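Here is the structure we will look at, set down as structure tokens.
Every number here is computed from the coordinates shown, using simple stated rules; none is lab data. Small disclaimer: the values here were computed from a predicted structure and weren't measured. Here the Cβ is made from the backbone with ideal geometry for all residues, glycine too, and neighbour counts use every protein chain on show.
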Amino acid sequence: MRRNIKVAITFDDTILPLHYKIAYELHRLAIPATFYVVTHKNPWSTYLKYAKKISDMKHEIASHGAYHLDLTKVSDEKLLFEIGESKKTLEEVAGRDIIGFAYPYGLYNSRVISAVSKFYEYGRTAYLRSVKRMIALTQLRMTDTPSADYVTRLHDQHSRSLEKCSVIGITN
């Protein structure tokens, strides 16, 4: 008997030049993914072209905050900057609405969820115990070019890691 299983392939802390290579292979295989981008912590001006290219491949570009701060510990003003400014920056780059947000470090509380829900259609996190495994699945050296076989193995491993992963979504 076939089960209808849905899998989301996501990349947090996206290093755009590196993940562009993965995005290209996924696009070639018609496998969509979401790339959660920290907008202000990285040398952002260098990354703009990669975010745009990934978005143009019809992958989802989503926010991971401006500076990847623990949002449960910042002031209300800083919280709104983190989630609002990153959304604004990504929308300018992608040329479309940014609807998703991944909580930095997987941490959130009711105040953070409330603020995120004012800007985004969904917020996402994972149990911290599975974060190390998911990070390990996405690591490649900058000089590596992933083959279609590698991306397929990555997809299979990521799918198995979701068994230990809890995804939390919020909607307006």
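For Glu85 and Lys6, a Förster radius of 41 Å and the Cβ-Cβ distance give a FRET efficiency of 0.85, rounded to the nearest 0.05. Rounded to whole numbers, the Karplus 3J(HN,Hα) couplings from phi for the range 92-103 are 5, 6, 7, x, 7, 5, 9, 10, x, 9, 10, 5 Hz, using 6.51 cos²θ - 1.76 cosθ + 1.60 with θ = phi - 60°, and x at Gly and Pro. Over the range 1-123, consider all pairs of different Cα atoms and compute the Kirkwood hydrodynamic radius from their mean reciprocal separation; express it in Å, one decimal. Mean inverse Cα-Cα distance, inverted, gives 14.7 Å. By the Kirkwood approach, averaging reciprocal distances over each pair of separate Cα atoms, the range 54-122 gets a hydrodynamic radius of 12.1 Å. In order along the range 113-119, the Karplus-derived 3J(HN,Hα) couplings, from 6.51 cos²θ - 1.76 cosθ + 1.60 at θ = phi - 60°, round to 4, 4, 5, 4, 5, 7, 10 Hz, and Gly and Pro are given as x. Exposure proxy for Ile5, Ile98, Ile15: other Cβ atoms within 10 Å of each Cβ, ordered fewest to most, give Ile5, Ile15, Ile98. Peptides 19-27, 72-80, ordered by how many other C-beta atoms sit within 10 Å of their residues on average, highest first, read 19-27, 72-80.
Residue pairs exceeding 31 angstrom between C-alpha atoms, taken from Lys21/Lys78; Lys6/Lys118; Lys6/Lys52; Lys52/Lys118: Lys21/Lys78. Using a simple spin-label model with pseudo-atoms 7 Å out from Cα toward Cβ, His40 and Glu92 lie 1.2 nm apart.
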